[in-house]
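So the structure is just underneath, and the comments pick up after that.
The values are calculated or read from the model by the stated rules, or taken from the named source; none is laboratory data. Every value quoted in this text rests on a predicted model; they were computed, and no experiment measured them. Glycine also receives a Cβ, built like all others from the backbone with ideal geometry; neighbour counts cover every protein chain displayed.
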Amino acid sequence: MILKAASVDLEDAQRMAAIAGGDRGAFEVLYERHSRALLLFLSRTLDDEGLAEEIVQDTFVAIWKKPTFNAQSSVRTWIFAIANRRYRDGSRRPQLKIVAESLDRVSFDNGPEARAIASAAATELAREISYLSRVHKEVLYLAFIEQLSHSEIGHALGIPVGTVKSRLDGAKRILHERLSQRGGIRSDGE
C-alpha cells in the first residue's frame, strides 16, 4: 500500500512538472484524479454546494495559472491546502457540517440489523458533529474521512501539527461528552 501511494505521489509530482510546462493533458488527469475528493470534502463541510463547486474550480484554475508545487507534501495535500486558502480568503464563510453519508466509508457488519444500527449511530454522530466548531469539523473530516496524516492536515489547513492534534483531541472529547449525555455511548467503557 505504501509503495502504491509513493508511486501515485511520484506520478502526480511528474504531472505537476508537465503542467508547469503547459501540458493541458496532464492538468486534465490531475483534475480527474483529485477534483472529486476535493468536492466531496468541501460539499460535506460547507453549507453551500455552489460555493464548494466554486472553490474546486478556483483551486484548479489557480493550479493551472501558477503550478508552483514544491514537493513539501503530496500533491493531494497541496491541492487541499490551496482550496483551504481559497475558502479562507473568500468573503463568504458558511458554517461547516459533516453529514451521515460521510461516515459510509466506515465498514460495518453486513447483516440488516447491523446496518440499521450503524445507520442510526452514523446519523446520531453526524448530528452531534454538526454542533462542533468549524475548526473541529475540518480536522475530523480530513483525519477520518480523507485519512490524511496529522502532518498533511497541518499543511492543508496551514496550522502546526500540535494544533491539529489538539483540535482532534478536543473534537473527540466534545463528541464523547455529548454522546455520553445523550446516552449514545457509555462512559464506563461498557
Residue pairs within 6 Å by beta carbon, gap of at least six or interchain, first lying in the stretch 79-95 and closer than 13 Å to Thr45 by Cα, second at pLDDT below 85, listed first then second, are Pro94/Leu46; Pro94/Asp47; Pro94/Asp48; Gln95/Asp47
In the stretch 158-175, is there at least one residue being modelled with pLDDT under 90 and under 14 Å from Thr77 (Cα atoms)? yes
All conditions in (1) over 15 Å from Asn84 (Cα atoms); (2) exposed (fewer than 15 other Cβ atoms within 10 Å of the Cβ) are true of Gln57 except (1)
So, in the stretch 129-180, exactly how many residues are outside any helix (DSSP H, G or I) and either surrounded by fewer than 21 Cβ atoms within 10 Å (Cβ to Cβ) or over 12 Å from the mean Cα position of the chain (by Cα) (or both)? 10
Would you confirm, using the coordinates I've provided, whether Arg85 is out of contact with any His (no Cβ under 8 Å at 6 or more places or on another chain), at pLDDT 65 or above and part of a helix (DSSP H, G or I)? yes
